[in-house]
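Novice: My questions all concern the structure below.
The values are calculated or read from the model by the stated rules, or taken from the named source; none is laboratory data. Model, not experiment: these values are computed from the prediction. Reconstructed Cβ throughout: ideal geometry from the backbone, glycine too, with neighbour counts over all protein chains shown.
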Amino acid sequence: MDTARSAAQSVRLEGLRKEFGGSIAVKDVTLTVEPGELVTLLGPSGCGKTTTLRMIAGLLPQNGGEIFFGSSRVDHLPANRRNVGLVFQNYALFPHMTVSQNIAFGLRMRHWERERTATRVAELLSLVRLEGLGDRKPSQLSGGQQQRVAVARALAFHPSLVLLDEPLSNLDAKLREQVRLDLRDIQRETRQTTIFVTHDQDEALVMSDRVVLMNTGVIEQVAAPRHLYLRPETEFAARFIGANNLLAGRVVKGAVVVDGIEGAFGSYSVPDGAIDESVWLCVRPENIDFFAQPPVGSSPNPRVGATVADIVFQGSSVLVDLDVRGVGVMRAEKSAILVGDIKVGDSIEVGFGGAHIVARTAA
Amino acid sequence: MVSSKAAGGEPSAARRLLVSGITAQLPGSPGRRERTASEISSWRRSRERLFFRLLTLPAVLIALFVAIIPLGMLVFRSFLDRTGAATFANYAQSFTNPLFMRTLVTTILMAVTVTVLSTALAYPVAYVMARHTRLRNVLMPAVTIPRMLPFVVIGYAVILLLAPFTGLLNKLFMAMGIIKEPLFILFDWPGLLIAFGYSGLVIATGMLTGVLMSVDPQLEEAAVGLGASRLVAFFKVTLPLTIPGVIASGGIVFTSVVTAYSIPVMLSGRVPFMIAPIIAVTLQSLGDFNLAFAQAVIVTILSLGGTLGAQFVLDRYGRT
Amino acid sequence: MSVNDTFVGGKRKPYRRGWGRDRVAGTLGSTALGVYVGFIALWMIFPMLVVILASLEGTFDISLIPEKLSLDSYAQIPQSYWDSFWFTLWISLAATVVALVVAVPAGWALVRGRLRERRIISNLVLVPIIVPQLILGIALLGLFIPLQLKNTFLGIMIALTGLNLALAIRFTEALIQGVPEEYELAAQSLGAGRFTVFRTVVLPVIAQGIIIAGLFIFMQDLISFVILFFIAGPSTTPIAIRLFVDIVQRGVLPYAVAMACVLVYVALAFYAIVAFIFGPKYLTGAPVSRKG
């Protein structure tokens, strides 16, 4: 029934809730996605991200909460009336239809005239770079090509919203990297509001405008990728995003004292939720500095002695496992040049620059 | 806009109630009363369930009419006598009828023999067919087409083979000098055995092929790799895994022989061996429906019971 | 490296596939097995061959080396037999079509509908083929007489449809379970209502399987005997029953043998159709046989 391209809409979730039998899969999820934004739901298996996606699509009924597309509430609409483009993990291309027929399916459901359909299908084939393959059957295409057909099919009818459920997990690593960027480019070109579900954080960080980190049915943190990486707000986020070294400590007079290390680190205020001002000091592997000698004079951040326990060459970077005195094993990551001639067994001094703290909620 | 908890808490229940109250009461107000999400989804769900239930309705009605109701009536009426009064007489009469009981025994004997024989004969064939795809495609017609033939064909064939003077077998044996006089086995139990054996073989081969195909051949190969000979691997790995399927197949064969009607009638002599024609006579010649129903119930319990009993026994044996 | 390798004094002997006892036994065993299987296969098609031979020789006093072959016995097939044959053909076709029309939506509803009573219904529909046909036939007689359905087209239709339904639903359930539910969810998200989903996505994908199931069910109806024996009558006589009655009353007649051969040819044609048009893989896997 649309005559022109639909303007992208916002999506608002209010207190969304889903129970399966006795267990709660999604608990009080509240989120707003701006028009044209690409938001990723990220989290480990079972965190509720796919369940949330399916409720937005209307494929799963909710136990509580509301869903709005733009300013209209859509809860009461069944899946086939929500005007949502859905891309499945296994693509779900109709095997008995050609690529063109697959792409045109949504248009057929909306009773578009033949000519208009043909034009639109051609547009999409060129958008996903599959020109000339319109008459093939899905079984004749490679995995990557099938995925692009699935995307084209979901975009064909100018949906209010595009939802992708782990669309890259069936592709091999090299292809995944390429397709990731392709999808982001397509999204930027079409400016569709998009929600993406994945358990792969690299994907999430590369593609999203914002990342919604979920854990056991609740939202842990919502932030732009950079912010999420540099400033995780919960222990779960700190552990889940990127590699991290977490040191137990407490905030004392505006600085952090780490158990086992003399001296206090930086200037921090006590985060919300910290019990007895106890915190984790989060040190990213790339933020561990190596020093050959103990410091001269006092330094803003304490340095600690450490022994090199293991060195793993990764190509452009090197992983160095350190046995840090008083603390235990920490993992550092440095570019090969900066590591120099360090060998296993060497004693060095390490410092932690740019560390971040999160609340420690258990003793 | 980011929040893990809506600022200021959720829209209060009071506010929601107020809104819904107003919209419900205002005359001619557009839009429906605000529903909660779970109300909407359960309403949608129950409508969906109704839709699916309606789709299954014709099937359920047909099944009721063709099977449940007639069988129910059969069992019910087996407990009535000619005047309609409740009684066990039909059963008592059957169990004390020497002809009925004797025939029952010979029927069971025949069925057990046929089941064991046809399963044993079919098993190696099924094994070969399951393991060798090319051979299977060649042999498939031989196994499948006989199942598409009416039993009369088998009856004809057996008669053509075993007839005393004109039958192929007798002519062959006499020509070869094996026997001096023709064998009169056609209308006696050997003829029956051969006919049932054939049909049992056909059924068993078809079913056992499926059973053996479901056993992963790699299991046998693993056993051989661990040092077993092919034969031992078969007996210790494959065979035990096929036992449930063998029982199922045996049950089908057993039931088909116990309740067989056409072949016994076609090939019968003066002494009845099989029980089904006797029930038919009770039904059609004597017209005593209720008695026939009781006999039918007895036979059903026997045939289904045989299968269940075998399953039970082998379950316990398998556990040791 | 096989278990036939031998170690001698710590040094491994060069691997040579000699004719040890194991290998002889193995080869003998395989050969014996092969011969046995061939013999059984021959035995299984033997009745068909015998019957065809008899029809061509025109007598039941057959010899393996025939003197003359003719199609006379076929020409002698009486009109009543052909009437029965066509009757059986039509009624089997009708019963198959009705069963499929009822079974396919029902099977879909059972697999996708998430109904609590799914197992009960599934098992209920299977009862006609679990119960021995003899018993079912007798039971139907008990029901049909008061309803005056004995010796009627409708009566036989109903009985056959009941049997067909059981097989058809089993087949349909298996076929639909093989279709990933994602296809249906995708179609829904693209705007298709439930019924449209069924029509445009589910049906086309299972179509081939349904056709083959239909062929199989049709064949079973064609040769149906026991269940119809009690409820059929003079004006509604399936061919299997007519042949049976004649052989019991009048013995083996050449034209009856010829008619039986016609049924054999139909079975052969069925096999050829399925094997060559659809592929031999459809013939493995054994649904319950409805012999009786």
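Novice: Within the group A:V179, A:V149, A:V121, which residue is crowded, with 19+ Cβ neighbours inside 10 Å, farther than 29 Å from C:G193 by Cα and assigned by TED's automatic domain parsing to the domain that holds A:L213?
Specialist: Values: A:V149 fails: farther than 29 Å from C:G193 by Cα; A:V121 fails: farther than 29 Å from C:G193 by Cα.
Selected residue: A:V179, the only one of A:V179, A:V149, A:V121 that is crowded, with 19+ Cβ neighbours inside 10 Å, farther than 29 Å from C:G193 by Cα and assigned by TED's automatic domain parsing to the domain that holds A:L213.
Novice: So, one more: Which condition breaks for A:V320 when tested against (1) part of a strand (DSSP E or B); (2) of a type in the set (A, V, I, L, M); (3) touching a residue at least 40 places away in the same chain (Cβ under 8 Å)?
Specialist: (3)
Novice: Suppose the filter is hydrophobic (A, V, I, L, M, F, W, C), assigned to a helix (DSSP H, G or I) and under 18 Å from the mean Cα position of the chain (by Cα); does C:A109 pass it? Please lay out each step first, then the result.
Specialist: Values: hydrophobic (A, V, I, L, M, F, W, C): yes; assigned to a helix (DSSP H, G or I): yes; under 18 Å from the mean Cα position of the chain (by Cα): no.
No.
Novice: Just wondering, is there one or more residues in the stretch B:74-93 that are assigned to a helix (DSSP H, G or I), within 16 Å of B:F196 (Cα to Cα) and at pLDDT 85 or above? Break it down into steps so the answer makes sense when it comes.
Specialist: To start, the set of residues in the stretch B:74-93 that are assigned to a helix (DSSP H, G or I) comprises B:74-78, B:89-93.
Next cut, within 16 Å of B:F196 (Cα to Cα) only: none.
No - not one qualifying residue is present in the stretch B:74-93.
Novice: Report, by residue number, each residue of the stretch A:18-76 that is within 14 Å of chain B (Cβ to nearest Cβ) and aromatic (F, W, Y).
Specialist: Listed by number, the residues that qualify are A:F20, A:F68.
Novice: Conditions first: (1) surrounded by fewer than 19 Cβ atoms within 10 Å (Cβ to Cβ); (2) facing chain B (nearest Cβ under 7 Å); (3) more than 29 Å from B:F52 (Cα to Cα); (4) among the β-branched types (V, I, T). C:V127 passes all but one, so which condition is the exception?
Specialist: (3)
Novice: For the stretch B:261-320, which positions are in a loop (DSSP other than H, G, I, E, B) and of a type outside the set (S, T, N, Q)?
Specialist: To start, the set of residues in the stretch B:261-320 that are in a loop (DSSP other than H, G, I, E, B) comprises B:261, B:267-274, B:286-288, B:320.
Residues satisfying the conditions are B:Y261, B:L267, B:G269, B:R270, B:V271, B:P272, B:F273, B:M274, B:L286, B:G287, B:D288.
Novice: If you scan the stretch A:98-112, which residues turn out to be in a helix (DSSP H, G or I) and within 7 Å of chain C (Cβ to nearest Cβ)?
Specialist: Step one: filter the stretch A:98-112 for residues in a helix (DSSP H, G or I), giving A:99-109.
If the condition is that a residue be in a helix (DSSP H, G or I) and within 7 Å of chain C (Cβ to nearest Cβ), then A:F105, A:G106, A:M109 are the ones that fit.
Novice: Within the stretch B:184-209, can you find the residues that are surrounded by fewer than 18 Cβ atoms within 10 Å (Cβ to Cβ) and either touching a Lys or Arg at 6+ places or on another chain (Cβ under 6 Å) or farther than 19 Å from B:T106 by Cα (or both)?
Specialist: Within the stretch B:184-209, just B:F184 meets the criteria.
Novice: Using beta carbons and a limit of 8 Å, which pairs, at least six apart or on different chains, have the first residue in the stretch B:280-299 and in contact (Cβ under 8 Å) with a residue 24 or more places away in the chain and the second one buried (at least 17 other Cβ atoms within 10 Å of the Cβ) and among the basic types (K, R)?
Specialist: Taking only residues 6 or more apart or on different chains, the pairs are B:F289/B:R77; B:N290/B:R77; B:F293/B:R77.
Residue-by-condition table, conditions (1) touching a His at 6+ places or on another chain (Cβ under 8 Å); (2) touching a residue at least 12 places away in the same chain (Cβ under 8 Å); (3) not in a helix (DSSP H, G or I):
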| position | (1), (2), (3) |
| --- | --- |
| C:L124 | no, no, no |
| C:I129 | no, yes, no |
| C:L136 | no, yes, no |
| C:A139 | no, no, no |
| C:N151 | no, yes, yes |
| C:G155 | no, yes, no |
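Novice: Within the bounds of the stretch A:179-188, is there any residue that is in a loop (DSSP other than H, G, I, E, B) and not hydrophobic (A, V, I, L, M, F, W, C)?
Specialist: Applying the first criterion (in a loop (DSSP other than H, G, I, E, B)) to the stretch A:179-188 yields none.
Looking for residues that are in a loop (DSSP other than H, G, I, E, B) and not hydrophobic (A, V, I, L, M, F, W, C), one finds none in the stretch A:179-188, hence no.
Novice: Within the stretch C:22-31, is there a residue that is over 26 Å from C:L167 (Cα atoms) and of a type in the set (K, R)? Quick ask: steps written out before the conclusion?
Specialist: Filtering the stretch C:22-31 for residues over 26 Å from C:L167 (Cα atoms) gives C:22-31.
If we keep only those that are of a type in the set (K, R) as well, we get C:23.
Yes, some residue in the stretch C:22-31 is over 26 Å from C:L167 (Cα atoms) and of a type in the set (K, R).
Novice: Could you name every one of the helices (runs of 4 or more DSSP H) located completely within the stretch C:159-248 that has at least 1 residues being touching an Asp or Glu at 6+ places or on another chain (Cβ under 8 Å)?
Specialist: C:194-197
Novice: Mind checking which residues of the stretch B:129-155 are surrounded by fewer than 21 Cβ atoms within 10 Å (Cβ to Cβ), more than 7 Å from chain C (Cβ to nearest Cβ) and part of a helix (DSSP H, G or I)?
Specialist: B:R131, B:T133, B:R134, B:L135, B:R136, B:V138
Novice: Quick test for you: out of C:A174, C:A168, pick the one residue that is in the same structural domain as C:I210 (by TED's automatic domain parsing), crowded, with 22+ Cβ neighbours inside 10 Å and not charged (D, E, K, R).
Specialist: Values: C:A174 fails: crowded, with 22+ Cβ neighbours inside 10 Å.
Among C:A174, C:A168, only C:A168 is in the same structural domain as C:I210 (by TED's automatic domain parsing), crowded, with 22+ Cβ neighbours inside 10 Å and not charged (D, E, K, R).
Novice: Which is surrounded by fewer than 19 Cβ atoms within 10 Å (Cβ to Cβ) and either at pLDDT 70 or above or facing chain B (nearest Cβ under 8 Å) (or both), of C:W90, C:W108? Give the steps one after another, and end with the answer.
Specialist: On the way: C:W108 fails: surrounded by fewer than 19 Cβ atoms within 10 Å (Cβ to Cβ).
Of the residues listed, the single one that is surrounded by fewer than 19 Cβ atoms within 10 Å (Cβ to Cβ) and either at pLDDT 70 or above or facing chain B (nearest Cβ under 8 Å) (or both) is C:W90.
Novice: Might you check whether a residue that is more than 14 Å from chain B (Cβ to nearest Cβ), free of Cβ contacts under 8 Å to residues at least 40 places away in the same chain, loosely packed, with under 14 Cβ neighbours inside 10 Å and not in a helix (DSSP H, G or I) occurs anywhere in the stretch A:280-296?
Specialist: Residues of the stretch A:280-296 more than 14 Å from chain B (Cβ to nearest Cβ): A:280-296.
This time we only want the ones that are free of Cβ contacts under 8 Å to residues at least 40 places away in the same chain, so: A:296.
Filter once more, keeping what is loosely packed, with under 14 Cβ neighbours inside 10 Å: A:296.
Subset that is not in a helix (DSSP H, G or I): A:296.
Scanning the stretch A:280-296, I find at least one residue that is more than 14 Å from chain B (Cβ to nearest Cβ), free of Cβ contacts under 8 Å to residues at least 40 places away in the same chain, loosely packed, with under 14 Cβ neighbours inside 10 Å and not in a helix (DSSP H, G or I), so the answer is yes.
Novice: Ok, one more. Is it true that A:G260 is in a loop (DSSP other than H, G, I, E, B) and either farther than 22 Å from A:P285 by Cβ or in the same structural domain as A:G351 (by TED's automatic domain parsing) (or both)? Steps first, please.
Specialist: Details: in a loop (DSSP other than H, G, I, E, B): yes; either farther than 22 Å from A:P285 by Cβ or in the same structural domain as A:G351 (by TED's automatic domain parsing) (or both): yes.
Yes; evaluated as a whole, the condition is true for this residue.
Novice: Ok, one more. Show the residue pairs meeting these rules: Cβ distance below 7 Å; 6+ apart or different chains; first residue within the stretch B:187-205 and closer than 10 Å to B:I263 by Cα; second residue modelled with pLDDT under 90 and aromatic (F, W, Y).
Specialist: B:L192/B:F273
Novice: Within the stretch B:156-165, restricting attention to residues that are at pLDDT 75 or above and in a loop (DSSP other than H, G, I, E, B), which residue is surrounded by the fewest Cβ atoms within 10 Å (Cβ to Cβ)? Please lay out each step first, then the result.
Specialist: Narrowing the stretch B:156-165 to residues at pLDDT 75 or above: B:156-164.
From the residues that got through so far, the ones that are in a loop (DSSP other than H, G, I, E, B) too are B:163-164.
Values: B:A163: 23, B:P164: 14.
Only one residue fits best here, namely B:P164.
Novice: Among all residue pairs at least 6 apart or on different chains, which show Cβ distances below 6 Å where the first residue, located in the stretch B:171-183, is modelled with pLDDT of 75 or more and the second is hydrophobic (A, V, I, L, M, F, W, C)?
Specialist: Close Cβ pairs (under 6 Å, with a partner that is hydrophobic (A, V, I, L, M, F, W, C)) amount to B:F173/B:I179.
Novice: If you don't mind, there's one more thing I want to ask. From (1) within 25 Å of C:L33 (Cα to Cα); (2) within 14 Å of chain C (Cβ to nearest Cβ); (3) out of contact with any helix residue (DSSP H, G or I) (no Cβ under 6 Å at 6 or more places or on another chain); (4) touching a residue at least 12 places away in the same chain (Cβ under 8 Å), pick out the condition that doesn't hold for B:A233.
Specialist: (3)
Novice: Okay, moving on. Among the numbered conditions (1) part of a loop (DSSP other than H, G, I, E, B); (2) touching a strand residue (DSSP E or B) at 6+ places or on another chain (Cβ under 8 Å), tell me where A:R136 comes up short.
Specialist: The number of the failed condition is (2).
Novice: If you don't mind, another one. Under the condition of being among the small types (G, A, S) and in a helix (DSSP H, G or I), which residue from the stretch B:248-260 is nearest to the other protein chains (Cβ to nearest Cβ)? Full working, then the answer.
Specialist: The initial filter retains those residues of the stretch B:248-260 that are among the small types (G, A, S), namely B:248-251, B:256, B:260.
Of the ones still in play, those that are also in a helix (DSSP H, G or I) are B:248-251, B:256.
Working: B:A248: 10, B:S249: 8, B:G250: 13, B:G251: 10, B:S256: 5 Å.
Taking the candidates together, the pick is B:S256.
Novice: Another question, if that's okay. Which of the numbered conditions does C:A94 fail, given that it passes all the others? Conditions: (1) in contact with a Gly (Cβ under 6 Å, 6 or more places away or on another chain); (2) assigned to a helix (DSSP H, G or I).
Specialist: Unmet for C:A94, out of (1) in contact with a Gly (Cβ under 6 Å, 6 or more places away or on another chain); (2) assigned to a helix (DSSP H, G or I): (1).
Novice: Just to be sure before I move on: is A:P95 surrounded by fewer than 20 Cβ atoms within 10 Å (Cβ to Cβ) and at the interface with another protein chain (Cβ under 8 Å from one of its Cβ atoms) in the structure I sent? Give the derivation first.
Specialist: Working: surrounded by fewer than 20 Cβ atoms within 10 Å (Cβ to Cβ): yes; at the interface with another protein chain (Cβ under 8 Å from one of its Cβ atoms): yes.
Taking the combined requirement at face value, the residue satisfies it.
Novice: Looking only at the stretch A:330-342, decide whether some residue is among the polar types (S, T, N, Q), over 21 Å from A:V256 (Cα atoms) and in a strand (DSSP E or B). So that I can check it myself, show each step before the final result.
Specialist: Applying the first criterion (among the polar types (S, T, N, Q)) to the stretch A:330-342 yields A:335.
Still in the list and also over 21 Å from A:V256 (Cα atoms): A:335.
Filter once more, so that each one left must be in a strand (DSSP E or B): A:335.
Yes - at least one qualifying residue is present in the stretch A:330-342.
Novice: Right, next: Of (1) within 8 Å of another protein chain (Cβ to nearest Cβ); (2) over 23 Å from B:Y127 (Cβ atoms), B:S268 satisfies all except one. Which?
Specialist: (1)
Novice: While we're on this one: Looking only at the stretch C:201-226, which residues are within 8 Å of chain A (Cβ to nearest Cβ) and not aliphatic (A, V, I, L, M)?
Specialist: If we filter the stretch C:201-226 for residues that are within 8 Å of chain A (Cβ to nearest Cβ), which is where we start, we get C:201, C:204-205.
Listed by number, the list holds a single entry, C:P204.
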